[in-house]
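The values are calculated or read from the model by the stated rules, or taken from the named source; none is laboratory data. All of these numbers come straight from a predicted model, not from anything done at the bench. Cβ coordinates were reconstructed from backbone atoms using ideal geometry, including for glycine residues, and neighbour counts include every protein chain displayed. Only protein heavy atoms, including side chains, enter the accessible area calculation; ligands, DNA and RNA are left aside. Shrake-Rupley method; radii C 1.70, N 1.55, O 1.52, S 1.80 Å.
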Amino acid sequence: MSQINKLKILNDPIYGFITIPNTLIYDLIQHPYFQRLRRISQMGMSYLVYPGAHHTRFHHALGCLHIMQKAVQTLRFKEVVISEEEENALYIAILLHDIGHGPFSHAMEHSIVEDVHHEEISLLFMNELNREFDGKLSLAIQIFKGEYHRKFMLQLISSQLDMDRMDYLKRDSFYTGVAEGNINSERLIQMMHVVDDVLVIEEKGIYSVEQFLVARRLMYWQAYLHKTSLVAELTLTKILKRAKELTQKGDLLPCSEPLLFFMQHKITHESFDATILKKFALLDDFDIVSAIKIWQFHDDYVLSSLSKMIINRDLPKIKMVTEKVTKERLSDLKMKLMQLYPITEKDADYFIFKGKIKNQAYNKTGEPIHIYKKDKTIEDVVEASDQLHLKALSKPVTKYYLCFPKVLLESSDLI
């Protein structure tokens, strides 16, 4: 039997050809845990706003692998020593950095798999794969956890200018058509260097960094925190919460076995073991969408109404406001809804709710983006830039929202 050619070349609409560098990376990509990412959308419910946003986390992970290859190439060219083992570990860590995402991940984290973040689940997957691959992922896990002595390697995987952000901004901009998010990742990578074990950008690349930060801010407000995407995700969270509530009262809702398991059990960080990981690996967007399609005909008014909203894209109204929404305003709206429909005040919470969103394009208190100046000094990009708006980008912006059914729009005195 002939040996399978594992040095595959993939065609990507963003970068053109992506090469799989070795057989270990190929085998990891072929693993069911990784193939599952083909069935998990990168941007959750955003396709309800941007019809093209149907790309997956599988796409994104391969894009990250590609630009990590470019980064290693650039740094070696600038005489930064990276051994073959370290190179491979960087590829594995970036390839698997998002493997722990569940279906519509943020909605899942707030409803079904509560208080267990995708980063923790990614690490559990990596440890499990490390057992299967006889310890070949050990160095990648060390770098991913920030325990490796070469600090810049973690910065390539997780920082304010990492391969993850570089790919998702470019990719999400492409698939949504939000051109303002497009960044020049090739130039940013060409400008990278390592000085005293810290990842830096050479001074001549400062304009590309500025553009990257502005693009990030615009993508957050125009795509990731777009109010319709936001209300769709919040509605999905409410559906899953209601489904879990009904299941735990003994109502066995029709859905896939893995989804039913997570609705029947409260999974905590402590209880998330290898058995639960195997069940989690069977969950993807299809379980959720299939369930919601059935639940729209369920006897429970709350569950069926919310499910129809997602399936038919007839979403609640979301109103962005400058100040916090008062409890009085909320209870007035609930009373109005209870007069219109036979629901309790507790049920009304599923339809009328408030919250806030926060965005900060650049976090000055975190690990800064370092600019390597011509005089060989290193400075935070905000200080090195002559653009005043970068200081503004490092200030967190908070917006408040109020969600309610469209039927209440007639009660204009309350809205």
Top-ranked residue in the stretch 48-77 [being of a type in the set (Gly, Ala, Ser) and part of a helix (DSSP H, G or I); ranked as surrounded by the most Cβ atoms within 10 Å (Cβ to Cβ)]: 63
Single match in 23, 74 (criterion: modelled with pLDDT under 95 and among the hydroxyl-bearing types (Ser, Thr, Tyr)): 23
Residue list for the stretch 119-155, restricted to those being open to solvent by less than 30 Å² (accessible area, probe 1.4 Å) and touching a Gly at 6+ places or on another chain (Cβ under 9 Å): 121, 122, 125, 126
Selection status of residue 80, touching a residue at least 12 places away in the same chain (Cβ under 8 Å), among the hydrophobic types (A, V, I, L, M, F, W, C), under 23 Å from residue 273 (Cβ atoms) and part of a loop (DSSP other than H, G, I, E, B): no
Residues being under 17 Å from the mean Cα position of the chain (by Cα), among the charged types (D, E, K, R) and assigned to a helix (DSSP H, G or I) - total across the stretch 136-172: 6
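Please determine whether any residue of the stretch 346-364 is open to solvent by 70 Å² or more (accessible area, probe 1.4 Å), assigned to a helix (DSSP H, G or I) and free of Cβ contacts under 8 Å to residues at least 12 places away in the same chain.
The answer is yes, given that some residue of the stretch 346-364 is open to solvent by 70 Å² or more (accessible area, probe 1.4 Å), assigned to a helix (DSSP H, G or I) and free of Cβ contacts under 8 Å to residues at least 12 places away in the same chain.
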The stretch 120-147, residues that are among the hydroxyl-bearing types (Ser, Thr, Tyr) and free of Cβ contacts under 8 Å to residues at least 24 places away in the same chain: 138
Filtered residues of the stretch 252-276 (kept if under 26 Å from residue 54 (Cα atoms), open to solvent by less than 50 Å² (accessible area, probe 1.4 Å) and out of contact with any Lys or Arg (no Cβ under 6 Å at 6 or more places or on another chain)): 255, 256, 259, 260, 262
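Select from the stretch 311-329 the residues that are of a type in the set (A, V, I, L, M, F, W, C) and either open to solvent by 20 Å² or more (accessible area, probe 1.4 Å) or part of a loop (DSSP other than H, G, I, E, B) (or both) and list them in ascending order.
Within the stretch 311-329, 311, 315, 320, 321, 325 qualify.
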All positions within the stretch 78-101 that are surrounded by 20 or more Cβ atoms within 10 Å (Cβ to Cβ) and charged (D, E, K, R): 98
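Taking the stretch 291-310 only, how many residues are open to solvent by 60 Å² or more (accessible area, probe 1.4 Å) and under 30 Å from residue 100 (Cβ atoms)?
2
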